[in-house]
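The values are calculated or read from the model by the stated rules, or taken from the named source; none is laboratory data. Because the structure is predicted, anything quoted here is derived from the model rather than measured. Virtual Cβ from ideal backbone geometry, glycine too; neighbours counted across all protein chains shown. All accessible areas refer to the heavy atoms of the entire protein, side chains included, with ligands and DNA or RNA removed. Shrake-Rupley method; radii C 1.70, N 1.55, O 1.52, S 1.80 Å.
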Amino acid sequence: MVITELPESVETATMTTASGIENLNSDPNHAVRRRRGSNGFEAINSSDVCGSGAGLETVNERSKSVGESSDGNERNDGGSVANGGEESKGTTPYKFSYRASAPTHRRIKESPLSSDAIFRQSHAGLFNLCVVVLIAVNSRLIIENLMKYGLLIRAGFWFSSKSLRDWPLLMCCLSLQLLPLTAFLVEKMAQQRRMTECAVVILHITITTAAILYPVLVILKCDSAFLSGVILMLVACIVWMKLVSYAHANHDMRQLAKSMDKVETSDADYSYDVSFKSLVYFMVAPTLCYQLSYPRTPCIHKGWVARQFIKLVTFTGLMGFIIEQYINPIVQNSQHPLKGNLLYAIERVLKLSVPNLYVWLCMFYCFFHLWLNILAELLCFGDREFYKDWWNAKTIDEYWRMWNMPVHKWMVRHIYFPCLRNGIPKGVAILIAFLVSAVLHELCIAVPCCLFKWWAFIGIMFQVPLVILTNFLQNKFQSSMVGNMMFWCFFCILGQPMCVLLYYHDVMNRKSSAR
């Protein structure tokens, strides 16, 4: 039989019987041989060890000590235990199993929430608790808000008569697709060497500039809804970035082809193809970086697309509900944050921060996860890294590299590394990338508002000193929490609500002065 939990210093074993203590060393037939099992515990074998009354415990499973787990594959020598010349089948008697003298504490262990072990534990249960508490708290707040103010969503929330006047913006959005066709014709003539390189560059600059200026002029001329103007400017910026990538990539491929033509080796054949099919796929694909081919998935999962589309509609409705029911009343009942009482302005910003954060998270989930994945699935687009774990960003710099991967890859490919190749210092190259991003953000917000106060531009450029500050704090304290908390505080709690209040009151002041 096998007995576990025997101390290594003990060469003889004793057992408790009904009449007292019996020394096993008195009988040579009860010689005990120690053996270390596969689980690391001391075991002894005896040809005939028995006990009467208490002290002998027979179990139908292999023993495991308190605090230790069995892997289900423990075996004794020979796979069986000899007991009087016979194999014990099905049951294995144990001695000293779970005894009061058996050691309970065997290893040095950390508490699960200690700093050394917290990141090695699964926190799925705590995450579920946070979700349940979040749903419960916000459900109570929603019910309380509905009981106090009623349903504030207007009848024309989804569609209003003013939207009928936005048909020039729709026509502008459709006519923008003629610009990629023009860029294709330019590249085709450049490939056939019917046009000089200087003329190609000038034409591409003209085409990309028209992609931005044309929608701006249409929005400023038409009295359109703010949402329609934002959508058109987003489409215009996407088309502009795609056309820049298309022109830049083809220019680079032409330069490589010309350099390879000068190399007189058999393996130096390099050519590129200007394909209209590749351009069409690129213009609708969820990427901003042009290349001749992309990784593709084998098929389309229609059921998955349907489920994602239902989620998209649901979260879009939730986002609209939060805007109409919470954000609009808070903004309308506030004062200009730079012209009123400081404490009142801080209170309004903090009150607006929570619903604004919910809307921003819903927007991220709807666009970057749902919509881009739906589009990628329909087009069999394989590379679906549209974002990384930006919520774990330790610095502002990390956040900008992870939260919007299509724009980040475009910036690195067409702004950052071209600047470095032309001898521009790294810091200046980063500043240029932020400058381009700030201009695009200002266009997407200021043009639909018909107001150029440069709040969005200043907000993006303010990220540059925050990048330096959070990098310094990260290097000084070597802690991931300091920079992460600063990111959430400056970007989501203070920055976005402040911009919302500033733009709203400036728009209202402009409209009141126009009357």
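Each residue in region 195-235 was checked for being part of a helix (DSSP H, G or I) and polar (S, T, N, Q), and 4 pass. Restricting attention to region 458-505, the residues that are in contact with a helix residue (DSSP H, G or I) (Cβ under 6 Å, 6 or more places away or on another chain), open to solvent by 30 Å² or more (accessible area, probe 1.4 Å) and hydroxyl-bearing (Ser, Thr, Tyr) total 1. Among residues of region 490-506 that are on the phi < 0 side of the Ramachandran plot, those with a beta-carbon under 7 Å from a residue that is open to solvent by 40 Å² or more (accessible area, probe 1.4 Å) and in a helix (DSSP H, G or I) at least six positions away or on a different chain give the pairs Cys499/Trp455; Leu502/Trp455; Tyr503/Ile445; Tyr503/Trp455. With respect to (1) more than 30 Å from Cys449 (Cα to Cα); (2) open to solvent by 80 Å² or more (accessible area, probe 1.4 Å), the lone exception for Met189 is condition (2). The number of residues in region 282-316 that are surrounded by 13 or more Cβ atoms within 10 Å (Cβ to Cβ) and of a type in the set (Gly, Ala, Ser) comes to 1. Among the criteria (1) touching an Asp or Glu at 6+ places or on another chain (Cβ under 7 Å); (2) among the hydrophobic types (A, V, I, L, M, F, W, C); (3) open to solvent by 50 Å² or more (accessible area, probe 1.4 Å), the one Val428 does not fulfil is (1). Suppose we keep only residues that are over 25 Å from Pro406 (Cα atoms) and β-branched (Val, Ile, Thr) within region 194-246. Which one would you say is surrounded by the fewest Cβ atoms within 10 Å (Cβ to Cβ)? Selected residue: Thr196. Residues in region 429-442: is at least one free of Cβ contacts under 8 Å to residues at least 40 places away in the same chain and of a type in the set (Ser, Thr, Tyr)? Yes, region 429-442 contains at least one residue that is free of Cβ contacts under 8 Å to residues at least 40 places away in the same chain and of a type in the set (Ser, Thr, Tyr). Val131 fulfils the conditions (1) open to solvent by 100 Å² or more (accessible area, probe 1.4 Å); (2) β-branched (Val, Ile, Thr); (3) part of a helix (DSSP H, G or I) except for a single criterion, (1). A residue that is at pLDDT below 80, more than 36 Å from the chain's Cα centre (by Cα) and assigned to a helix (DSSP H, G or I) occurs somewhere in region 148-159. Scanning region 317-372 for residues that are outside any helix (DSSP H, G or I) and buried (at least 16 other Cβ atoms within 10 Å of the Cβ) yields Ser334, Pro337. The number of residues in region 388-419 being assigned to a helix (DSSP H, G or I) and open to solvent by 60 Å² or more (accessible area, probe 1.4 Å) comes to 6. When Arg348 is tested against (1) in contact with a Ser or Thr (Cβ under 6 Å, 6 or more places away or on another chain); (2) within 30 Å of Asp252 (Cβ to Cβ), exactly one condition is not met: (2).
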